[in-house]
Amino acid sequence: MPDFSPIDFAVPFFVALVLIEMIWARRRRPESYEPRDTLTSLAFGLGSSVAGLLTGGAVLAMSLWLYQFRLFDFGDEWWSVWWAWPLCFVLDDLGYYVFHRFAHRVRWFWASHVNHHSSQHYNLSTALRQSWTGFFALSFIFRIPLTLLGFHPAMILFVGAFNLIYQFWIHTEAIGRMPRWFEAVMNTPSHHRVHHATNPLYLDRNYAGTFIVWDRMFGTFQAETDSERIRYGIVRQLGTFNLLWSVFHEWVGIAQDMWRAPWRHKLSYLLREPGWTHDGSRETSDMIRARWLQSRGAAAVSEAEKPVPNDNPIAGQEKPA
């Protein structure tokens, strides 16, 4: 199989799309871009690429070793088995959903993934906020089942790259809604805006990578609504553009919490959901959502959860107020 990285070829298109969106934002949504925030996002992307170069070989070597224990064998010419590619893509996307859900529900994984949510702006440069510590957080373990099933590690990396490329374009406010059939099956800018929101209605929803059907199947879907304008970022905003603090702040927070916690609670600060404390001094996303639901009442929530009646994918369309 030839040495080919889809992301290498996609980078020029990423740059071109960011420049196009900047031009659009200057006229239609100037608050979408903040120079220091954008520079931080670009630095995130560069650092993530370097981290990937330093650790990618170890992950590939481990995957190739595990591959010898596979349950099914596609043969020596596995790359020519055409139906294995779309099957691998779909299963890898399901694996991404599982990883992404864990990354929001287990603080150990959240410490690495929070980097992607740390911006209070939502634009294509935000997509570049990728983790520097994914290897340390053991995020690669979620792809091990595919290797053991019999998919070659090179195939898994290849389809995973296309999944990442797909997710780039959904980080924008320049696109309102896609056609109804597309919104029903695929992850879209509207669905992913919800995922990046801090509003109680939207917290921990829409974990999809490419196919939103996983969220619909497993009860984590939430439509963008016309009555709940999205606020981006994290529940406890960073309040700084310092790159190193942006990258490592949650790891520092875990260390501080574990140091101060009684022995019987120390491990919980690694394995429980973000925001959990043994003394109830902070709130988890479930607690925030429950308090919001109680304050608004069932009738108000039912009305708020109605999706915006708009299926027209017009670039530059204004987001509902």
In whole Å, what is the distance between the alpha-carbon centres of the range 68-107 and the range 109-177?
14
Report, in deg cm²/dmol and to the nearest 500, the calculated mean residue ellipticity at 222 nm for the chain, where each DSSP H run with n ≥ 4 adds -39500 (n - 2.57) and the sum is divided by the residue count.
-17000 deg cm²/dmol
With a 1.4 angstrom probe the carbon and sulfur portion of accessible area for the chain, in percent, totals 67
Could you sort L54, L244 by their accessible area in this structure, using a 1.4 Å probe and putting the largest first?
L54, L244
Descending accessible area (1.4 Å probe), largest on the left, turns H171, H265 into H265, H171
Starting from the range 1-108, pick out the GluC sites (Glu not before Pro) whose DSSP state is loop and whose Cβ has at most 15 other Cβ atoms within 10 Å.
E77
Counting only protein heavy atoms and leaving out ligands, DNA and RNA, the solvent-accessible surface of H278 at a 1.4 Å probe, in Å² to the nearest 10, equals 80
Between [x] 152; [y] 238; [z] 122, the structure-derived volume of the Cα convex hull per residue in Å³ is [x]
Any chance you could run the full-extension gain for V252 through F218? It's 0.36 nm times the residue separation minus the Cα-Cα distance, nm to one decimal.
9.0 nm
Rounded if a/c is under 1.5, else prolate if a/b beats b/c, else oblate: with a ≥ b ≥ c from the C-alpha gyration tensor eigenvalues square-rooted, which is the range 1-93?
prolate
Note to self: with every protein chain in place and a 1.4 Å probe, the chain gives an accessible area per residue in Å² of 51
Quick one: check the C-alpha center-to-center distance for the range 1-60 versus the range 196-210, whole angstrom.
22
Given Cβ charges of +1 for Lys and Arg and -1 for Asp and Glu, the option among W259, A184, V18 whose Cα lies farthest towards the positive end of the dipole of the chain is W259
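The values are calculated or read from the model by the stated rules, or taken from the named source; none is laboratory data. As the structure is a prediction and not an experimental result, all values here were calculated from the model. For neighbour counting, all protein chains shown are included, and Cβ atoms are generated from backbone atoms with ideal geometry for every residue, glycine included. Note: areas computed on protein heavy atoms with side chains; ligands, DNA, RNA excluded. Shrake-Rupley method; radii C 1.70, N 1.55, O 1.52, S 1.80 Å.
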